[in-house]
Amino acid sequence: MCVAPAARHVQAVQMILGRPDPRRVPTAIKILVAGGFGVGKTTMVSAVSETRTLRTEETLTHAGADVDDLAGVEAKRTTTVAMDFGRITIRDDYMLYLFGTPGQERFWFVWDELAMGALGAVVLADTRRLADCFPAVDYFEKRGQPFVVALNCFDGLMPFTIGEVRDAIGLDPDTPVVRCDARRRDSGKEVLITLVEHAMNRGATPVGTMS
């Protein structure tokens, strides 16, 4: 089964964040969605966002042929050059602001800015091109920033077990690895809740309130 059931959403959020307080000023939680080129970051942000997604996509051109590796994603025609932005409400007093990072190496210079103030990150991975997620994993490990690895199931296929993927990436035992379908809102929401739970368990706290 590619996608984990989403039935635990409400219970998990209440366990992590406590019960909603209608008097509380909503807390903004910043989350990054990172990973390799063409792995599904824009798709995931768009699928879960309650608002119209802000995208900064440009058409791929022949000029980038020498620097952009399209192996495995030959049909891709656009690329994110700055970020994708979306929002999802977990509860009335907690809102996740999602920032999808560029996947191509030549745009990685914006990662440091996007990562500032983030509670944690989702690292999307394609098991057909697993090595493409290594730079994102290394980046968040070096920053000491909580992250989860989400295995995006393309064509409904999952050729490797979670244990095999964990060993291949060389993850710490406490770093969550989950399956997902980036096209489905319930699946993406499950991944985000797993990240929030993991970050809170590590002692991370949401930063920022909405005025």
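The values are calculated or read from the model by the stated rules, or taken from the named source; none is laboratory data. Fair warning: this is a prediction, and the values are worked out from it, not measured in the lab. Methodologically, a virtual Cβ is constructed for each residue, glycine included, from the backbone with ideal geometry; neighbour enumeration extends over all protein chains shown.
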Apart from one, (1) free of Cβ contacts under 8 Å to residues at least 40 places away in the same chain; (2) in a helix (DSSP H, G or I) all hold for SER187; the odd one out is (1)
For the structure I just gave you, tell me whether GLU50 is acidic (Asp, Glu), surrounded by fewer than 21 Cβ atoms within 10 Å (Cβ to Cβ) and at pLDDT 65 or above. yes
Within the stretch 146-160, the count of residues that are in contact (Cβ under 8 Å) with a residue 12 or more places away in the chain and outside any loop (DSSP other than H, G, I, E, B) comes to 8
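Matching residues to (1) farther than 13 Å from VAL33 by Cα; (2) at pLDDT 95 or above; (3) surrounded by fewer than 17 Cβ atoms within 10 Å (Cβ to Cβ):
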site	(1), (2), (3)
GLY103	no, no, no
ALA115	no, no, no
ALA121	no, yes, no
THR127	yes, no, no
ASP132	yes, no, no
PRO146	no, yes, no
ALA150	no, yes, no
CYS153	yes, no, no
ILE162	yes, no, yes
Just checking, how many residues over the stretch 112-145 are in a helix (DSSP H, G or I), within 15 Å of the chain's Cα centre (by Cα) and within 16 Å of LYS41 (Cα to Cα)? 8
When you check THR209 against the structure, is it of a type in the set (Ser, Thr, Tyr), farther than 15 Å from VAL123 by Cβ and either in contact with a Leu (Cβ under 9 Å, 6 or more places away or on another chain) or at pLDDT 95 or above (or both), yes or no? no
